[in-house]
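S.K.: Here's a structure for you.
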């Protein structure tokens, strides 16, 4: 790590630390430099260092071990450290940019899933839709949101492309709150609930690649309204 200027100081402190992890200078389980050491090394103020640490704790990248210091968490999610995903966290991307990114990723994931899905995979997706139906009947929107994300995570597993999956899963995790807001809109949910996921499953069952973009675009039309 090296000294940084004073523009967006907190963001740059965070980036220095995450870059050090991404490049292998710091590894899961390692103790990070003390607050004083970070101040001296990066030549920034105490408040900037503290705010950066708070952000990294909130992201689950760091953990405090009482009486011992601050460490890189052992169970760190690699997707959090991808430069692309990290930039989404820090930058104020427009709704259109977010929509275009997610749409592009989901189209590619679905195309691979259509090629690789087995009967067992299809049954797993059907089971998730059944569980989502139960959550919907019970007005359990937290569970419904979890099932929504799990459906997409299973698609990622079926696509079986580690690099594409890593990026897509990281992006999906960032939008948990906006997905939940979408599902909590009773009028929208009553009208459209689960139709899009059923359409996606239908494409996989019928190996229909011609309508991938149409189905994905429709599935995101309502979601984008709730992205802040």
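S.K.: Using a 10 Å cut-off on Cβ atoms, rank the peptides 47-57, 157-167 from the highest mean neighbour count down.
M.R.: The peptides rank, most packed first, as 47-57, 157-167.
S.K.: Peptides 33-44, 100-111: what's the order by average Cβ count within 10 Å, highest mean first?
M.R.: Result, highest mean Cβ count within 10 Å first: 100-111, 33-44.
S.K.: Could I ask something else about it? Using a Förster radius of 25 Å, what is the FRET efficiency between residue 104 and residue 8 based on their Cβ-Cβ separation? Nearest 0.05, please.
M.R.: Computed FRET efficiency for residue 104 and residue 8 comes out at 0.35.
S.K.: Next question. Of the listed peptides 210-220, 8-18, what is their order by residue-averaged count of other C-beta atoms within 10 Å, with the highest listed first?
M.R.: Highest to lowest by the protection proxy: 8-18, 210-220.
A short reminder: the numbers here are calculations on the coordinates, not readings from a lab. Just so we're clear, the structure is a prediction, and the values are computed from it rather than from any experiment. Cβ: placed from backbone, ideal geometry, glycine included. Neighbour counts: every protein chain shown.
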